[in-house]
Amino acid sequence: MENFLPALLIIGGIVYKIYTEFQKEQEKARQRRPNVPTPERAVAQQPAPSRPSAPLPDPVARRAEQAEVPQEVWKERGKRKKRLQEIPAVKPLEPEEGTAAQPAFDLRQAIIQSAILNRPQF
């Protein structure tokens with residue numbers, strides 16, 4: 001117990017020295033590359049998101065764009081929707097009659113297989 005406090009102070013001093021050296025190296029790296037933004041500066045320098053300057057298209061313009069789409073495309077889209085609706089829902093599997101819900105577990109066989117797979121290496 002009497003050696004605990006000096007040991008703790010020594011460890012604390014070592015950690016502090018490592019931290020200060022790390023900070024010095026970081027400062028040297030910043031001076032070598034002044035144009036590279038640090039994470040703190042990068043967050044502060046990001047411009048605020050601006051609203052788009054172009055107005056949203058009105059419904060008449062949307063209808064004109066839809067009119068440009070060929071009729072064949074509309075027919076294929078309708079067929080695809082019908083096919084997706086016709087797909088039956090997946091039902092969960094039910095256990096068959098006569099089989100156990102859980103497979104049989106043989107502890108003796110499991111130990112033998114474990115010994116075979118995990119052979120000691122000499």
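Among the candidates Arg51, Arg63, which residue alone is modelled with pLDDT under 90 and in a helix (DSSP H, G or I)?
Unique residue meeting the criteria: Arg63.
Exactly one condition in (1) at pLDDT 75 or above; (2) assigned to a loop (DSSP other than H, G, I, E, B) is false for Lys17; which is it?
Failing condition for Lys17: (2).
The values are calculated or read from the model by the stated rules, or taken from the named source; none is laboratory data. Just so we're clear, the structure is a prediction, and the values are computed from it rather than from any experiment.
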